[in-house]
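Engineer: Sharing a structure below in structure tokens format, with a few things to ask.
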């Protein structure tokens, strides 16, 4: 098997450009309603049995800002849309391991099998932008050859609003419920000792702090997605970032019987960055690790300096299922139920799009799961 035939999911084989040049005009001749299809606002493609584009309506050409549709003939949808996974293997779109979870590839394969399908898919492009798409595939016979009509609607705005609203309302509801519980307790304040009264007031203050922080976090995330986030770089102590994250989530860990351990750094490690954004990234990493752990576990926070920058590592002892690993940084994916789970997406968005950093993870049965973020010693302006 050659490199171009290798695949971890859908078949990798393609037909040559010369054959595409024959198929494409035949499809256009068969589509007698082409002017009507060009008027459709959604992207509409016809794919041959190898999942290659042999027809595109005007909507996609306008999106790509090209005049000649032959520039994309022979490509697959993920390659046209610059999906990051489409370029992992020589076989292209559909052949990477992550493609097994892609609704677009799944719909196309169903369409080529002779059935209609509607799916949703999430794409992270090579430039780092996130797309949420609804796709339709329907079988089509063209001159005796099986093809599929493939339509795409961008539902990114719909998904973004839905997720942000759900998460915001979920967090605010939980916080408001806590406030109500504590105010109920404080109605009988005289029944508590002075020490207990002081603890109640301190805990209520912490709840209010977290409510304000949650509101600020959602405001920052919305600004980041709208490309209007302003940075304020300052000299930052890496160990202090971890200690602050430990303190912020100490009570949560204590309540769940999970220990948060910060490994000491032999010498101070400082770097220039937007401290408030880094705090939110590391806080999300710690929160995710806590949510992925069970009673009696310990999560470990480390600083790993190098000459060019500084790496933060947050480890928990449980491995991630492979299906989760393949989708972990996608905006709409969550292991926590519908409308949850922007944590890892926001880690990647803020780190790579704004803080000039890198994000990755390692997970195995033996070693558990570690998320890493790397930032340069000095941000470039």
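Engineer: Would you mind ranking 180, 222 by Cβ crowding within 10 Å, fewest neighbours first?
Structural biologist: Numbers: 180 10, 222 15.
Least to most surrounded, the residues fall as 180, 222.
Engineer: Counting alpha carbon pairs within less than 8 Å and at least 6 residues apart, what relative contact order, in whole percent, applies to the chain?
Structural biologist: On the way: 644 pairs, mean separation 43.5, N = 381.
Relative contact order comes out at 11 percent.
Engineer: Nearest 10 degrees, 0 to 90: what angle lies between the long axis of helix 194-225 and the longest principal axis of the chain (Cα atoms)?
Structural biologist: Tilt relative to the chain: about 20 degrees.
Engineer: Percent of Cα-Cα pairs per 10 Å bin, from 0 to the last occupied bin, for the stretch 32-162, please list those.
Structural biologist: Cα pair-distance distribution for the stretch 32-162, in percent: 13, 45, 35, 6, 0.
Engineer: Still on this structure, please answer the following. Return the whole-Å distance between the Cα centroid of the stretch 166-215 and the Cα centroid of the stretch 230-299.
Structural biologist: 23 Å
Engineer: Averaged over every viewing direction, what's the projected area of the C-alpha convex hull for the stretch 107-238? Give it in nm², one decimal, please.
Structural biologist: Details: hull surface 58.2 nm².
Taking a quarter of the hull surface, the average projection is 14.6 nm².
Engineer: Looking at the chain as a GNM with Cα springs under 10 Å, which of 187, 203, 230 has the largest mean-square fluctuation?
Structural biologist: Highest fluctuation among the options: 187.
Engineer: Follow-up question, since we're still on this one. Gaussian network model of the chain, Cα springs within a sub-10 Å range: biggest mean-square fluctuation belongs to which of 240, 225, 18?
Structural biologist: 18
Engineer: Using only Cα atoms and rounding to the nearest 10 degrees, what angle (0 to 90) does helix 17-30 make with the longest principal axis of the chain?
Structural biologist: The helix 17-30 is inclined about 80 degrees to the chain.
Engineer: How large is log10 of I(q)/I(0) for the chain at q = 0.14 Å⁻¹ when the intensity is taken from the Debye formula with one equal scatterer per alpha-carbon?
Structural biologist: Here log10 of I(q) over I(0) equals -1.20.
Engineer: Also: With a 10 Å radius around each residue's Cβ, average the other Cβ atoms per peptide and rank 354-364, 284-294, highest first. Kindly include the intermediate steps, with their values, before the conclusion.
Structural biologist: Numbers: 354-364: 17.4, 284-294: 20.5.
So the peptides 354-364, 284-294, ranked by packing, come out 284-294, 354-364.
Engineer: Now a separate question. Only Cα pairs within less than 10 Å get springs; with that Gaussian network setup on the chain, which residue of 260, 234, 72 has the largest fluctuation?
Structural biologist: Of 260, 234, 72, the Gaussian network model singles out 234 as fluctuating most.
Engineer: Roughly how tilted is helix 103-112, in degrees to the nearest 10 and between 0 and 90, from the longest Cα axis of the chain?
Structural biologist: 20 degrees
Read the figures in this text as sums done on the coordinates, not as results from a lab. Quantities reported herein were computed from a predicted structural model and do not represent experimental measurements. Heads up, the Cβs are rebuilt from the backbone with ideal geometry, glycines too, and the neighbour counts pull from every protein chain shown.
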